[in-house]
Every structure is written in structure tokens, then in C-alpha cells.
Amino acid sequence: MIVKDVVCPFCGCLCDDIEVEVEENRVVAVANACELGTKKLMGEKRMKNPILRDGGTWKDITYDEAIQYTADMLLSAERPLLYGWSGTHGEAQCVGVHMAELVRGVIDNTSSVCHGPSILAIQEVGHPGCTLGVVKNRADLVIYWGANPIDAHPRHLSRYTRYAEGFFLENAFRDRKVIVVDVRRTETANIADEFVQIKPGGDYAVLSALRAIVRGKTEMIPRTVAGVTREQLVRVVDLCKGAKFGAVYFGLGLTMTGGKYKNIRNAIELVSELSRHTKFTISAMRGHYNVYGSNEVNTWMTGYPFGIDFSRGIAFYNPGETTAVDILARKECDAALIVGSDPAAHFPRRCLEHLADIPVVQLDPYPNATTAFCNVQIPVAVTGIDAVGTAYRMDGVPIRTRRVLSTGYPSDEEVLIRMYALMQGAKA
Amino acid sequence: MRVTLAMRPAARSFIPIEAEAIVPKNFLSGTDLSVWRGNRELRLDEVFSVFVEGSADRPEDVEVVISGDGTSRLKRVGEYMDGGKITVLGDIGMHCGNFMTGGTIEIHGNADGWLGREMAGGTILCRGDAADYCASGYRGGRKGMTGGTVEVFGRAGDFLAESIAGGTVIVHGDAGDMAGAEMHGGTLVVHADCSRPAANMKGGSCYVYGTAHGMLPTFKRIGTVQHEGRMLIHFIGDIANRGKGNLFVKDYRYLD
């Protein structure tokens, strides 16, 4: 059986034109998806049932026992951390926020280690952004800054930018210019019309210099700025000012280098400056397929996009204090629930040392690096493969994922609802 | 009146304690106050041994002395303080002296992040180092500190005096990255080195008596000035932001 219009639950592009061939309740072939998406849709060896750490070994337990364990752990904690959420659907994220409020814990999602700085900058100066469709059909200049879509978002170029047809562009491939800014010559840099190579840590200075040049203050800029010649900066500004519609896409090369959110703020202010001359927009290359959704869900439910501390009964937000890495590194939580993420594969060692000291429950279909730190792991259905739910694309467009298999695993939402009901009962 | 709060050795020592109740004014009506450890409300005397000497009718006559192991876990001490004195005989946790309008806080050790955030008046003296966001603003806020004085005798972390709009911040040691970012008023003085000072500044004055590393290319060099016995180079900026702030540095290096 071939299932059409499947939504790929891998990256923030959330491609919705995938075809999946299913035989005997197994995915046997995937068409249209990139290598990353194909690998995810083809699946790996999943965990069969919930497991509980029992001394040096694992013991199989039932879903009821695992859910009861988690509810008890969260209820008895003084400052539980509920982290992850980007690898699950919006409906499950909603239950997560309710749970965090009920147990007065801290809820944080993976944006605190990816595009959190982008959100901090947007909170300072706003977000002049647009949907991917607008860029595809109108943009005649695309800038990738600190992002390498060929490796990380492979179909971004073919669906929306370099290789995409544009409704308002006669010959999109010829008319659309691409500028890549990075600290090294990436695969994406090789297909750019202009490659700007910056010394590591020099993004902020280059952005400031570009803003000054857009304002006509070229003469005051030093001959080179962070390894980029003044001539090239002027050429970039000329390309930008000459474009009818420019779009900037930035990645973790900008959010996670020195200065962090101030880099993004500077990039947004450059876009605002350019919008005095032509039409310009800027957007983040979001990573997980539903990391944008976790920001949306948190924001509409609590007022804040990530790093929300409910310990005093009201929502308090202060990235750097109420975000997962900071809390774990300072040993400021006493239990953790991990959903749809793998912190042990990404967090600093100091955080993992604390994770090893406290009770941890993880909801994840596969054994991963965090499994080694868990007291209990509960396997769940994979959103977009054997569970349905809403995810938000990197440009904020909600797309409902489809189910291609029926496996009998409960979804994140089902497991979390049962935990929440137990905790409500205990609180009442 | 002198209130001494000696921290008791707590069993679960890693959970921070939010103690915004520790403000001199509150002790005029007794010591029946609460603090929070995570999601648990605790009486002040469960966390501290409380001693009160003398009496007072106004906050200016109250001195609170905090001591003991683990004072670095105390957050929000002196929040909204409007008079009197708080002395910390050790380190203090995040958000000490937030929104303060008057009085004095003296910290004998180091201060954690957001010391004196959005402060409007009064004085904070930190004898040790201050962590990131000392005398800064809040996330997404336009104005940080608007008045008062913060003096740090050690070093300061990144984003020192971010979004400062008034008041004075003095750091005797080095400051970190982005000191005085988004500054639009007030005065920031760094006695030693820092990196990328006054990024995106709109107004105000920033002095660096050491070297400005990674100096931003969008500050316009005006000339040299004599300042308190030092020869400093005067810049106007941030030109990228149509800024008219003054940046004075003894020495600078571009990332070229």
C-alpha cells in the first residue's frame, strides 16, 4: 500500500509531499524525502515495553506501573524539570504544560539550546518574517547565515530557495541570488553566488558594519572586519539593496556563538534597515520538526515560549536561570521528565552528572543516550509514523501529521494524559 | 534594629531558595515571613536562625545581616528594597537587589547573575565578583537600570549593564563580553579590560580604562581626552544604530 502526502517528522521543513510504501505494517520504501527523513520514516529497532532500572539491570514493567512511577516522582519533587517536547505533537505539549503547572515544576524545550537566542532577540526588536511560500514565490535574494541547509535541512533549497520555481520569478534559478555567510566553506557555500567567510565570533561586528554601510557610512568601516574585506561588505550591501525581495535564514552558527541573541538582534536590525530600501525578511532555520510548536504551545498557554518556572504557582521566565542546561548545571532540580528529546547526547557533562543523581523518566520510542540516565523509560508511538498530531513548520504554519502504521504503542499524548489524571487525583 | 539571619545547614542543599521577603522594611512588623524552596513554602526560621537586636520605626534604621553556608543559593534578596541596609557575609544568589529604589546592599563575597537588575535607586557594593547581567535589564525590556549605583570590586561577567538607561555602574576588575550593550543613558566604568563594549549603544557614557577587545567597527573615532588623569580615546556610536553615545577607551583592538 502506498500512502501519499505523508508529513515528514524530521526537521523544521516538515515536508508534506512524502510517499511511503507500507507492506505488512512495515515501511519498505520512502519517496520524495531527503536522506534524513527517509531514515526516520524507515524506522529503527524500537523498545518493546516500559523498563525500570533495577540495580545494575533493567526490569520490564507495565505502562500502568511506569505511569504511576512518573506521577509519584513528579508529585514528590520540590523542583521537577520537564524537558524536551520538540519531538512530539502539540496536543502532548499542551498536557505537558498543564502537568508542569499542577506539580509546580519547570518546563523547558529544546529551543533553550538551539533557537532560544532568536526568540530573546525577537522579544527585543520583533520578527519581520514571512512564510516559506512567500520566499519561494517572491525572493530574488536569499542569505543563509550560519546555516548549512544541504546537510541539516536538505530540501529547504529545492522546495523554497535555490532550486525552487517562483510564481513571480521568470527564471527562478537564474534570477535568484544566494549569499552564504559562514566561518567555513560548507557544502551550501559551494552553491552560493557570494560566499562571505567570517572569522569565528565575528558575526556581530560584520552585521554592525553592514548596517552602517546600508546607512551610507562606508568610509568609517575598517579595511577588514572579522576577516571580511570592506569591498566584499559593500558588494553584499549592493546585492541586498538591489534585490526586490530578500530573505535571511540563520542557523545555530549565529545563535550559539559569542553574543548569542545579540547577534540575532543585530541581524533583525539589519533587515529592518534594509527594509527602508527594499522588502526584506528574516527567519530561523528551526531544527526539530515541532520545536516551533513547543514555543507556540508554551506561549499561548503561559505567555512565554520556553524556560517557564511554575514553582511559585505563576509563570516566571528567565532564560539563563529557568532553562534546562542552567538548572542541571547548578543542580537546581530534583527530578526530571524527558519527552521527545535526547539531552544526554547534547548537554554538557556537568548537566549529565546531575541527571545521573536524580530520578529521571523518559518518553521515547528508541533507546538513546539518555536511556543510560533513566530510572524508567516508556516507549511511545512516533508522531507522523504511528501517531497523529499537530506540528508547526519552521515558519509557524501548523500541519497535521499523518499515521502510516498501526503499532499499538500509545502516543505521547495518551501516556501524558494518564499521568496527568493520576496527579490531579492525588492533588484533589 | 539589627536582624541577623544565619543560614541553617539544609538537607536538600541544591534547590535554590527564593527570599524576596528579605527586605529591611518587612522586619519592622516582625520576622513572621516566608521563603520558598522550589515549590515548598517555608517559614523564615526554618531556613535561618533569626536574631533581632533593638527596634526600629522606619526601614532606614534596619540592618539585615545574612551569613552562613549556602547564601549563594538565596535568590531575590532585597528585591524592591526602598531603604535600610542588607549585608551579606558571603556570596549571594541571583537577582539580588532587583528593582531596588533606595538603601544599601553590601555583599562581601561574589554575586550571582542579575545583581541589581532594573534598579532605580540606592547603592549596591559587591566586594567579590559579579556574574552575568549585573545591573542589566529583563528579557525583552527596553530599559535596564535607571538610577542608583552599583560598584563591583572584583570582575563582572557578560552583558554587564545591558540596556542601562540611568545611574552609575563601576567595575574595578575586568568585565566580560558585551559590556553596556544597548546602553542608552547613564554611566558605565570598567577599570580593566572588557570585550565589545557599548554594542548598539544609543546614548550614555562608557569608560574602559583597559583594553577594549573585539572593538566594534561602527564607532567613530573623535580624538583623545584627558579623564581623571588618564588619556582616553573618544568614540561616538553606535553608528549602526544611529547612536550618539560616548565610548572612551584607553586602548582597543578590532577583530580584523
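The values are calculated or read from the model by the stated rules, or taken from the named source; none is laboratory data. The structure displayed is predicted, hence computed values, not measured ones. Neighbour counts are summed over all protein chains in view; Cβ atoms, including those assigned to glycine, are modelled from backbone coordinates with ideal geometry.
Which ones in the stretch B:28-64 are more than 24 Å from A:ARG312 (Cβ to Cβ) and in contact with a Phe, Trp or Tyr (Cβ under 9 Å, 6 or more places away or on another chain)?
Matches in the stretch B:28-64: B:VAL52, B:ALA56, B:PRO59, B:VAL62.
State the number of residues belonging to the stretch B:95-141 that are surrounded by 24 or more Cβ atoms within 10 Å (Cβ to Cβ), within 23 Å of B:SER195 (Cα to Cα), within 11 Å of chain A (Cβ to nearest Cβ) and under 10 Å from the mean Cα position of the chain (by Cα).
Qualifying residue count for the region: 5.
In the list B:SER72, B:SER29, which residue meets the criterion of being small (Gly, Ala, Ser) and within 14 Å of chain A (Cβ to nearest Cβ)?
Matching residue, one of B:SER72, B:SER29: B:SER72.
Got a number for residues in the stretch A:94-113 being over 13 Å from A:GLY307 (Cβ atoms), more than 14 Å from every other protein chain (Cβ to nearest Cβ) and in contact with a strand residue (DSSP E or B) (Cβ under 8 Å, 6 or more places away or on another chain)?
Residues of the stretch A:94-113 over 13 Å from A:GLY307 (Cβ atoms): A:94-96, A:98-99, A:101-104.
Narrowing further to those that are more than 14 Å from every other protein chain (Cβ to nearest Cβ): A:94-96, A:98.
Going one step further and asking which of them are in contact with a strand residue (DSSP E or B) (Cβ under 8 Å, 6 or more places away or on another chain), we end up with A:96.
So the count comes out to 1.
Got at least one residue in the stretch A:73-86 being farther than 21 Å from A:PRO359 by Cβ, surrounded by fewer than 24 Cβ atoms within 10 Å (Cβ to Cβ) and either at pLDDT 95 or above or not β-branched (Val, Ile, Thr) (or both)?
no
Got at least one residue in the stretch B:36-55 being surrounded by fewer than 16 Cβ atoms within 10 Å (Cβ to Cβ) and assigned to a loop (DSSP other than H, G, I, E, B)?
yes
How about the stretch B:218-241: which of its residues are within 24 Å of A:LEU210 (Cβ to Cβ) and either away from chain A (no Cβ under 14 Å) or buried (at least 24 other Cβ atoms within 10 Å of the Cβ) (or both)? Give the steps one after another, and end with the answer.
Restricting attention to the stretch B:218-241, the residues satisfying the condition of being within 24 Å of A:LEU210 (Cβ to Cβ) are B:218-222, B:235-241.
Of everything in the stretch B:218-241, those that are within 24 Å of A:LEU210 (Cβ to Cβ) and either away from chain A (no Cβ under 14 Å) or buried (at least 24 other Cβ atoms within 10 Å of the Cβ) (or both) turn out to be B:THR218, B:PHE219, B:PHE235, B:GLY237, B:ASP238, B:ALA240.
Return the residue satisfying two criteria in turn: it lies in the stretch B:197-219 and is polar (S, T, N, Q) and in contact with a helix residue (DSSP H, G or I) (Cβ under 6 Å, 6 or more places away or on another chain), and of such residues it is farthest from B:MET145 (Cα to Cα). Give the steps one after another, and end with the answer.
At the first step, the residues of the stretch B:197-219 found to be polar (S, T, N, Q) are B:200, B:205, B:211, B:218.
Of the ones still in play, those that are also in contact with a helix residue (DSSP H, G or I) (Cβ under 6 Å, 6 or more places away or on another chain) are B:200, B:218.
Numbers: B:ASN200: 17, B:THR218: 25 Å.
Among residues in the stretch B:197-219 that are polar (S, T, N, Q) and in contact with a helix residue (DSSP H, G or I) (Cβ under 6 Å, 6 or more places away or on another chain), the one farthest from B:MET145 (Cα to Cα) is B:THR218.
I'd like the full set of residues that are within 11 Å of chain A (Cβ to nearest Cβ), over 19 Å from B:ARG142 (Cβ atoms) and of a type in the set (A, V, I, L, M, F, W, C), limited to the stretch B:173-217.
B:MET215, B:LEU216
Take the residues in the stretch A:216-228 that are outside any helix (DSSP H, G or I) and more than 7 Å from chain B (Cβ to nearest Cβ); name whichever of them is nearest to A:PHE280 (Cα to Cα).
A:GLY216
Does the stretch A:259-309 hold any residues that are within 12 Å of chain B (Cβ to nearest Cβ), part of a loop (DSSP other than H, G, I, E, B) and buried (at least 24 other Cβ atoms within 10 Å of the Cβ), and which are they?
Of everything in the stretch A:259-309, those that are within 12 Å of chain B (Cβ to nearest Cβ), part of a loop (DSSP other than H, G, I, E, B) and buried (at least 24 other Cβ atoms within 10 Å of the Cβ) turn out to be A:GLY259, A:PRO305, A:PHE306, A:GLY307.
Would you mind stating whether A:PHE280 is at negative phi, at pLDDT 95 or above and outside the structural domain of A:THR188 (by TED's automatic domain parsing)? Quick ask: steps written out before the conclusion?
Details: at negative phi: yes; at pLDDT 95 or above: yes; outside the structural domain of A:THR188 (by TED's automatic domain parsing): no.
So A:PHE280 fails the test.
Do you know which residues across the stretch B:14-43 are free of Cβ contacts under 8 Å to residues at least 12 places away in the same chain and of a type in the set (Ser, Thr, Tyr)?
B:SER29
Please tell me if B:ASP57 is at negative phi and free of Cβ contacts under 8 Å to residues at least 40 places away in the same chain.
Against the criterion (at negative phi and free of Cβ contacts under 8 Å to residues at least 40 places away in the same chain), B:ASP57 qualifies.
How do the pairs read when you match residues in the stretch B:242-254 that are more than 14 Å from B:ARG221 (Cβ to Cβ) with residues anywhere that are of a type in the set (Val, Ile, Thr) and at pLDDT 95 or above, using Cβ under 6 Å and keeping only pairs 6 or more apart or on different chains?
none
Give the stretch A:177-215 a look and list any residue that's without any contact (Cβ under 8 Å) to a residue 60 or more places away in the chain, away from chain B (no Cβ under 14 Å), buried (at least 22 other Cβ atoms within 10 Å of the Cβ) and not in a helix (DSSP H, G or I), or say none. Let's see the steps before the verdict.
Initial filter on the stretch A:177-215 (without any contact (Cβ under 8 Å) to a residue 60 or more places away in the chain): A:178, A:180-181, A:184-202, A:205-206, A:208-209, A:212-213, A:215.
From what is left, the residues that are away from chain B (no Cβ under 14 Å) are A:178, A:180-181, A:184-196.
From what is left, the residues that are buried (at least 22 other Cβ atoms within 10 Å of the Cβ) are A:180-181, A:188, A:196.
Scanning the stretch A:177-215 gives A:VAL180, A:VAL181, A:VAL196.
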